[in-house]
Amino acid sequence: MAKWGEGDPRWIVEQRADATNVNNWHWTERDATGWSTDKLKTLFMEASVTGEEGTCEVTEVSKLDGEASINNRKGKLIFFYEWVVKLNWTGQSPSGVKYKGYVDIPNLSDENDPSEVEVRVSLAKDEPDTNLLELMRKKGVQRLREVVAQYISTLKTEFTQGMILPTANGESHTDLPDLKPKVSLQATQNNKPVTCQNTGVKIPTCKVTMKETFLTSPEELYRVLTQQELVQGFTHSPATLEAEKGGKFQLLGGNVSGEFVELESEKRIVMSWRFKTWPAGHHATITLTLTDKGGETELRMEARGVPKSEEQHTKDGWKRYYFDGIKQTFGYGAMLL
C-alpha cells in the first residue's frame, strides 16, 4: 500500500527541469501493471513441454505479485518491471501416471536478461521421484524463460503505442526547440480530438465527471478550494494560487497548474487545468459545482478535454489528492454525531 503522497508519479511532487512536455518528449509514464498481469497469466498458462519422459504443462498461476511501468524521457523509453511468480505444473508419464509440482520465479525484473531469470522447479510434497522433474528442469525452464522473453518483447511493442507521439508531419521527434505552453480554452470545450497550438498534433480527449459529498457547508468547502494555505494543507505540498478571474495556480510542486476562469463564491469554480505531463499547451476545462444539501455539500467535478489516455489517472488523482485529501485533512468525511 502506497503511503500518502506516493501514488501516481504524475501527481507526486517532483522537481524536474522539464517544465514542458512536447509530444511526451520530456516525461510520460504509463502504468503497465494491469496489462502485464493479464499478459503474464495468459502466456504462462500456455506453457508446456514434451519429451521421452512425458508431458508437463502449467496448470495454475498461484502467485503474481509486482508492478510494471514505462517511462518516456527525451524520446527514450525506459522499462521497469518486477514480479514474483509462483506456478503449479502437472506432468504425465507415458504410462499415464500424473505428478504435480511447483515453479518459483523469485525475481522477474528488468535487471536480468530473460536467459538469466532464475526459475526453480520442484515436485509437490509426497510425490514420488519421476523423470518428469528433470524434463521440467531442462526443457521446462527453457520454455518459461521464452515466456518471459515474449512478455518483455510484447511490453516493448504492443503496450508502448503512443508513448512517443508523432509530430505534425507524422515523424517522431529527435530534437525539439524549447516551446512555452499556450493555453487554448476553446480547443478543450468539446470532447473530440483537439489540436495543440504548439505542435499541431491532434489529441483524442474525453469528459470526466465525478461527484463527492462533504460534511461541511458550501462556504467552508469553497474556502478550502481557493485559499492557498488550505490547499497546501490537503495536498501536503507547496502550492501557489490567486483565486480571482485570470489568477494562476500551481499545485503539487508544479505537477498541476492552470488558471481560474470563473469564480462564483460558494457555488462554482471554473479552471483551465493541466498535468505537467500532458502535451505542451493542452489544458482541460474543470468545472466545480457546489450544491448545499443541508448540512452537507455535494461537489460535482466535470473535466472536459482530458486526453483520452489520461482518463483513469485523472479520476484516480482527483479522488485521492482532492476528495480524499480534503476529507482526511479537515474531517469532512467523518460521521456527524
### Message
Just the residues that are open to solvent by 70 Å² or more (accessible area, probe 1.4 Å), within 28 Å of residue 82 (Cα to Cα) and polar (S, T, N, Q), please, taken from region 121-134.
### Response
none
### Query
So which residues in region 230-255 are modelled with pLDDT of 90 or more, assigned to a loop (DSSP other than H, G, I, E, B) and open to solvent by 80 Å² or more (accessible area, probe 1.4 Å)?
242, 244, 245
#### Entry: Hits in region 256-267 (condition: in a strand (DSSP E or B) and within 18 Å of residue 223 (Cβ to Cβ))
260, 262, 263, 264
### Every residue from region 32-54 that is open to solvent by 70 Å² or more (accessible area, probe 1.4 Å) and in a strand (DSSP E or B)
50
### Task
Taking the residues in region 278-310 that are buried (at least 22 other Cβ atoms within 10 Å of the Cβ) and β-branched (Val, Ile, Thr) as candidates, determine which candidate is nearest to residue 224 (Cα to Cα).
297
### Message
Condition first: surrounded by 15 or more Cβ atoms within 10 Å (Cβ to Cβ) and of a type in the set (Gly, Ala, Ser). Now tell me which residues in region 256-276 satisfy that.
### Response
257, 258, 272
### Message
Looking only at residues that are of a type in the set (Val, Ile, Thr), in contact with a Phe, Trp or Tyr (Cβ under 8 Å, 6 or more places away or on another chain) and free of Cβ contacts under 8 Å to residues at least 60 places away in the same chain in region 59-86, which one is farthest from residue 278 (Cα to Cα)?
### Response
59
### Query
Hey, any hits in region 282-290 for a residue that's in contact with a Cys (Cβ under 6 Å, 6 or more places away or on another chain) and either touching a residue at least 40 places away in the same chain (Cβ under 8 Å) or over 18 Å from residue 208 (Cα atoms) (or both)?
yes
### Task
Evaluate region 293-303: report whether one residue or more is within 30 Å of residue 69 (Cβ to Cβ), touching a strand residue (DSSP E or B) at 6+ places or on another chain (Cβ under 8 Å) and at pLDDT below 90.
no
### Matching entry among 146, 171, 118 (being closer than 30 Å to residue 279 by Cα, within 29 Å of the chain's Cα centre (by Cα) and either modelled with pLDDT of 90 or more or open to solvent by 100 Å² or more (accessible area, probe 1.4 Å) (or both))
171
### Summary
Note on residue 294: of the conditions (1) under 22 Å from residue 247 (Cα atoms); (2) part of a loop (DSSP other than H, G, I, E, B); (3) of a type outside the set (D, E, K, R), unmet is (1)
### Summary
With criteria (1) in contact with a Leu (Cβ under 9 Å, 6 or more places away or on another chain); (2) over 21 Å from residue 325 (Cα atoms); (3) modelled with pLDDT of 90 or more, residue 281 comes up short on (3)
### Query
From the set of residues in region 214-229 that are touching a residue at least 12 places away in the same chain (Cβ under 8 Å) and out of contact with any Phe, Trp or Tyr (no Cβ under 9 Å at 6 or more places or on another chain), which is surrounded by the most Cβ atoms within 10 Å (Cβ to Cβ)?
222
### Task
Could you identify the single residue in 81, 99 that is crowded, with 20+ Cβ neighbours inside 10 Å and at pLDDT below 95?
81
### Summary
Output for Cβ contacts, cut-off 6 Å, separation at least six or different chains, first residue more than 12 Å from residue 55 (Cα to Cα) in region 118-144, second open to solvent by 40 Å² or more (accessible area, probe 1.4 Å) and assigned to a helix (DSSP H, G or I), reads 121/137
### Summary
Filtering region 184-229 for residues that are modelled with pLDDT under 90 and basic (Lys, Arg) leaves a count of 2
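The values are calculated or read from the model by the stated rules, or taken from the named source; none is laboratory data. Note that the structure is predicted; figures quoted are calculated from it, not measured. Virtual Cβ from ideal backbone geometry, glycine too; neighbours counted across all protein chains shown. To get the accessible areas, we keep the full protein, side chains included, count just its heavy atoms, and leave off ligands, DNA and RNA. Shrake-Rupley method; radii C 1.70, N 1.55, O 1.52, S 1.80 Å.
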